[in-house]
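Visitor: Just dropping this structure here.
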Amino acid sequence: MKLSEKDRKMLNGEFGEVKKLAMEKTIEYAKVLGADELVDVDKSTSCYDDMSDFLKCGDDLDSRYSLAYLGKELKLDSLVAEHCFCQDDACSIDGESWEALNQTKEFYDYVKGYLDRAQELGVIRVGCCTPYLTGWIPLMGEVFVTTESSNILMCNSIFGARGNCGGQATTFLATLTGRTPKWGYHLDENRYGTHIVHIKCETESRQDWDLLGYVLGTQLSSGDVPIIADGFKKPDITLLKKFFTPLATTSNAELCFFVGLSPEARTLEDALKGHESTGEITITQEMIDDAKSQLCHSQPGEVDYIEIGCPHCGIEELQEFAAYMRGKKVKDGVKFIINTAFPMLKTAEVNGYAQILRQAGVFISTCGCLNVHSCAAEGAKAIALSSAKLTHYQKTEQSIPVYYGSDQELMDAAVTGYWGGK
């Protein structure tokens with residue numbers, strides 16, 4: 001291994017036992033990957049929930065994380081290397097309320113204790129699955145680690161940053177040491193497209209892009225890097241986050257080029273980097289319509305749980321929803337939740353959007369979604385969602401009807417309490 005002077009000092013224990021053990025694990029990880037050197041980590045997002053389902057050891061963040069990831073119970077003095085900018089990922093509680101998510105105050109306080117401790121140890125609390133909306137934006141060439149799969153796609157594909165898929169453990173180590181094995185998409189020679197994708201379907205709305213990502217993922221095999229070559233309307237950041245979230249659900253893609261949009265794909269030739277494509281994919285409107293039909297429960301009926309915001313909503317979406325819900329009222333007995341993060345909620349409050357939504361009976365939640373606070377839908381008779389990712393997972397988790405539609409269809413259902421045009 002080619003180690004820097006600082007790497008050696010960490011390995012020798014000059015920065016304390018915690019970083020010594022973390023560096024030892026990082027080197028072990030590098031050897032497994034076949035990497036012969038480490039690289040600085042500039043940006044990190046990670047989960048700092050209690051993780052009780054996965055880490056059945058220790059009674060607090062320090063003991064649980066050190067036992068699980070370092071093999072020894074230790075008191076932590078930091079979670080974040082001095083040169084690394086770290087925000088936390090989505091978590092299992094709302095930023096302020098436990099009642100709206102059907103949780104107990106005891107559970108809320110317990111989880112919040114973990115998040116507060118992470119903040120004390122250097123993590124910036126945001127609780128967001130779309131960190132690029134809250135100031136966390138790795139520049140082209142910067143190295144990042146993240147526990148959010150769609151964030152890997154956004155940063156690699158649109159920002160030109162450098163990152164690979166990793167789990168909670170490897171992200172913890174990289175954030176703590178500020179170093180990670182140099183491999184995979186850190187290396188220029190690996191950053192090329194494999195499949196040329198032609199778009200023959202609508203690409204106007206958020207739902208269009210949501211379904212496009214969902215369908216494209218079903219056409220990919222492990223290791224494929226799609227190149228979106230033609231037929232699409234140039235997307236903005238909101239449409240891209242709607243696209244990458246389901247793409248990371250139905251595939252293990254970590255990189256996806258848009259010709260003329262991705263900084264490394266000004267042309268198709270740029271994206272291929274001298275390689276021959278190994279296949280071509282065409283996404284048709286028929287494929288999109290079929291996916292929509294499969295996602296949505298087939299029979300109309302009453303619905304009493306509505307959720308928008310996977311991925312988390314940006315301020316322009318909250319502005320749109322407020323305009324649509326102004327003067328309307330969520331039907332009695334219907335729970336309607338919109339997910340966002342602290343900074344967007346504060347902006348929505350300053351601009352009056354949050355007040356309009358709350359007056360209409362909407363609960364604006366920060367930090368999570370139904371995938372991590374599933375108890376929020378306890379007792380519901382039917383669920384309506386506008387996220388292909390959320391629908392994909394909830395259809396396997398729920399024994400009740402799960403409807404999939406556009407944000408507008410969900411808002412209409414929240415007012416009427418019915419899905420299917422009644």
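The values are calculated or read from the model by the stated rules, or taken from the named source; none is laboratory data. What you see is a predicted model; the values in this text were computed from it and never measured. So basically every Cβ, Gly included, is an ideal-geometry build from the backbone, and we count neighbours across all protein chains shown. To get the accessible areas, we keep the full protein, side chains included, count just its heavy atoms, and leave off ligands, DNA and RNA. Shrake-Rupley method; radii C 1.70, N 1.55, O 1.52, S 1.80 Å.
Visitor: Tell me, what % of the accessible area of the chain is carbon and sulfur with a 1.4 angstrom probe?
Guide: It is 48 percent, rounded to a whole number.
Visitor: Moving on. Kindly state, to the nearest 0.05, the FRET efficiency for L3 paired with H198, given R0 = 41 Å and r defined as their beta-carbon distance.
Guide: 0.35
Visitor: Show me, for segment 397-405, the HN-Hα J-couplings you get by feeding each phi into the Karplus relation (A = 6.51, B = -1.76, C = 1.60, θ = phi - 60°), rounded to Hz, glycine and proline as x.
Guide: Here the 3J(HN,Hα) series is 9, 9, 9, 10, x, 10, 9, 10, x Hz.
Visitor: Using the per-residue mean of other Cβ atoms lying within 10 Å as a proxy for protection, in what order, highest first, do the peptides 161-168, 148-155 fall?
Guide: The peptides rank, most packed first, as 148-155, 161-168.
Visitor: Additional query: Mind listing the phi-derived Karplus ³J(HN,Hα) values for segment 226-231, rounded to whole Hz, using 6.51, -1.76 and 1.60 with θ = phi - 60°, and x for any glycine or proline?
Guide: Each residue of segment 226-231 in turn: x, 10, 6, 8, 6, x Hz.
Visitor: Now a separate question. Pull out the extension gain between Q355 and T416, defined as 0.36 nm times the separation in residues minus the alpha carbon to alpha carbon distance; nm, one decimal.
Guide: Here the answer is 19.9 nm.
Visitor: Still on this structure, I have one more. Quick one: check the C-alpha center-to-center distance for segment 365-422 versus segment 236-267, whole angstrom.
Guide: Each part's Cα centre sits 25 Å from the other's.
Visitor: While we're here: Note the full-extension length gain between T104 and D36 as 0.36 nm times their separation in residues minus their Cα-Cα distance, in nm to one decimal.
Guide: This chain segment gains 19.7 nm when fully extended.
Visitor: Next up: GluC sites (Glu not before Pro) within segment 309-394: which are DSSP loop residues with at most 11 other Cβ atoms inside 10 Å?
Guide: E378
Visitor: Would you work out the relative contact order for segment 373-422, in percent, from Cα pairs under 8 angstrom that are 6 or more residues apart?
Guide: Once divided by the residue count of segment 373-422, the mean separation gives 34 percent.
Visitor: Counting pairs of alpha carbon atoms under 8 Å apart in space and at least six apart in sequence, what relative contact order in percent does the chain give?
Guide: Once divided by the residue count of the chain, the mean separation gives 16 percent.
Visitor: In addition: With θ set to phi - 60° and the Karplus curve 6.51 cos²θ - 1.76 cosθ + 1.60, what are the ³J(HN,Hα) couplings of segment 301-317 in order, to the nearest whole Hz, using x for Gly and Pro?
Guide: x, 5, 9, 10, 9, 10, 9, 10, x, 9, x, 3, 6, x, 5, 5, 5
Visitor: Let me ask something additional. Here is the link list: K234/K335; K72/K182; K346/K381; K105/K381; K75/K112; K329/K389. Which ones come out longer than 29 Å on Cα distance?
Guide: As for pairs spanning more than 29 Å Cα to Cα, those are K234/K335; K346/K381.
Visitor: Provide, as a two-decimal number, the C-alpha radius of gyration of segment 120-236 over 2.2 N^0.38 Å, N being how many residues it has.
Guide: Compactness ratio reported: 1.18.
Visitor: Where does segment 146-204 land on the Kirkwood hydrodynamic radius, alpha-carbon pairs, in angstrom?
Guide: One over the average 1/r among Cα pairs gives 13.4 Å for segment 146-204.
Visitor: Also, quick follow-up: What is segment 125-252's relative contact order, in percent, from Cα pairs under 8 angstrom and six or more apart in sequence?
Guide: It rounds to 24 percent for segment 125-252.
Visitor: Would you pull out the residues with amide H under 5 Å of Y403's amide H, same chain only if 5 or more places away, H placed 1.01 Å from N?
Guide: H297, I383, A384, L385
Visitor: What accessible area per residue, rounded to a whole number of Å², is obtained for segment 352-422 using a probe radius of 1.4 Å?
Guide: Ligands and nucleic acids excluded, the figure is 38 Å² per residue.
Visitor: Taking the Cα centroid of segment 277-293 and of segment 298-362, what is the distance between the two, rounded to the nearest whole Å?
Guide: Their Cα centres are 31 Å away from one another.
Visitor: As a test of the definition: which semi-axes, in Å, follow for segment 1-136 when you take the square root of five times each eigenvalue of its alpha carbon gyration tensor? Largest first, please.
Guide: That gives 30, 18, 13 Å for the three semi-axes.
Visitor: Tell me which residues come under 5 Å, amide H to amide H, from F336 once H is placed; ignore anything under 5 positions away on its chain.
Guide: I306, F363
Visitor: Moving on. So what's the net charge close to Y404: Lys and Arg +1, Asp and Glu -1, counting the other residues with Cβ under 15 Å from its Cβ?
Guide: -4
Visitor: While we're here: Can you pull the Kirkwood radius for segment 376-422, inverse mean 1/r over Cα pairs, to one decimal in Å?
Guide: 11.0
Visitor: Let me check the size of segment 187-318 from its C-alpha atoms; what are the radius of gyration and Dmax in Å?
Guide: 15.8, 55
Visitor: Continuing with the same structure: Mind listing the long-range amide H neighbours of G178? Cut-off is under 5 Å, sequence gap 5 or more, other chains count too, H placed in the peptide plane at 1.01 Å from N.
Guide: Counting only residues 5 or more places away or on other chains, the set is A81.
Visitor: Taking a ≥ b ≥ c as the square roots of the eigenvalues of the Cα gyration tensor of the chain, is the shape rounded (a/c under 1.5), prolate (a/b larger than b/c) or oblate?
Guide: It is oblate, given that a/c is not under 1.5 and a/b is not larger than b/c.
Visitor: Taking a probe of 1.4 angstrom, what is the accessible area of D224 in Å², to the nearest 10?
Guide: About 30 Å², rounded to the nearest 10.
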